[in-house]
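Read the structure below first, then the notes.
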Amino acid sequence: MTPLQLTHLAAGEKSAPVTDWAARIGWLVGLALFVALVYWLMREGWKWRGTLQGDLAELPDAPSDPGPARLTMSGRYHGSTTAGQWLDRIVAHGLGTRSRVELTLTDAGLDVVRPGATDFFIPAGALREALLGKGIAGKVLSEGGLLVVTWEHGDRLIDSGFRSDTAAEHGEWVDALNSMINKSLEKTDTEGAR
């Protein structure tokens with residue numbers, strides 16, 4: 001091409017970009033449907049897990065007079081799992097629902113009050129162990145950032161994870177719970193020896 005022809009082409013009018021609105025709307029609708037499908041599948045999986053765990057007995061309610069509080073704590077409930085299996089979340093009876101929590105330890109046991117979720121009570125005789133952990137049911141925190149309480153419900157051992165608003169309280173809770181568990185075991189051993 002000659003320089004004159006190049007100048008003529010460069011000076012020519014340019015066409016405006018064409019937007020295909022139908023294609024854009026189609027992609028957006030398709031994306032929204034895909035997200036809805038994924039959400040629905042996750043919800044169905046959660047309900048299926050609850051169905052599989054349907055053999056879990058009803059959770060005990062707190063006694064009408066549990067006695068004076070030994071310790072109280074405000075914080076978060078991060079979920080419950082099969083003991084020793086920190087990724088095997090238990091969802092039956094609302095145990096899989098994360099929520100705020102108010103814990104109260106009495107001589108009768110551990111009262112777990114969860115605003116907006118199902119409350120439950122762990123009798124003192126069902127408590128098995130308390131320790132500081134770093135993860136439960138998909139929630140990973142720093143070392144010692146989680147109070148993990150192991151308890152027996154029916155024929156299952158369950159780990160429940162709690163995080164205090166003041167993480168320094170965790171050590172005191174572990175000591176108090178384990179002391180209570182040891183006294184309960186000593187009492188059982190003494191009664192069995194008679």
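I'd like the full set of residues that are in a loop (DSSP other than H, G, I, E, B) and within 18 Å of the chain's Cα centre (by Cα), limited to the range 42-77. Scanning the range 42-77 gives Gln53, Leu56, Leu59.
Going by what's in this entry, would Thr166 be described as closer than 18 Å to Ile181 by Cβ and surrounded by fewer than 21 Cβ atoms within 10 Å (Cβ to Cβ)? Judged against the criteria, Thr166 is not a match. Scanning the range 94-109 for residues that are in a strand (DSSP E or B) and within 23 Å of Asp55 (Cα to Cα) turns up nothing. Comparison of Gly109, Gly84 shows that the only residue that is open to solvent by less than 10 Å² (accessible area, probe 1.4 Å) and either at positive phi or touching a Pro at 6+ places or on another chain (Cβ under 7 Å) (or both) is Gly109. Considering the range 88-102 alone, what residues qualify as being closer than 17 Å to Pro115 by Cβ and small (Gly, Ala, Ser)? Answer for the range 88-102, where residues must be closer than 17 Å to Pro115 by Cβ and small (Gly, Ala, Ser): Gly94, Gly96, Ser99.
This table checks each residue for (1) at pLDDT 80 or above; (2) among the β-branched types (Val, Ile, Thr); (3) open to solvent by 90 Å² or more (accessible area, probe 1.4 Å).
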residue: Leu9; (1), (2), (3): no, no, yes
residue: Ala22; (1), (2), (3): yes, no, no
residue: Val29; (1), (2), (3): yes, yes, no
residue: Leu41; (1), (2), (3): yes, no, yes
residue: Leu56; (1), (2), (3): yes, no, no
residue: Ser74; (1), (2), (3): yes, no, no
residue: Arg89; (1), (2), (3): yes, no, no
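Might you let me know whether the range 119-136 holds any residue that is surrounded by fewer than 18 Cβ atoms within 10 Å (Cβ to Cβ), part of a loop (DSSP other than H, G, I, E, B), at pLDDT below 85 and among the charged types (D, E, K, R)? Yes, some residue in the range 119-136 is surrounded by fewer than 18 Cβ atoms within 10 Å (Cβ to Cβ), part of a loop (DSSP other than H, G, I, E, B), at pLDDT below 85 and among the charged types (D, E, K, R). Scanning the range 169-183 for residues being farther than 15 Å from Leu147 by Cα and surrounded by 14 or more Cβ atoms within 10 Å (Cβ to Cβ) gives a total of 2.
The values are calculated or read from the model by the stated rules, or taken from the named source; none is laboratory data. Small disclaimer: the values here were computed from a predicted structure and weren't measured. Quick reminder, even Gly has a Cβ in these numbers, built from the backbone with ideal geometry, and neighbours come from all protein chains shown. Protein only, heavy atoms only, side chains kept; ligands, DNA and RNA dropped before computing areas. Shrake-Rupley method; radii C 1.70, N 1.55, O 1.52, S 1.80 Å.
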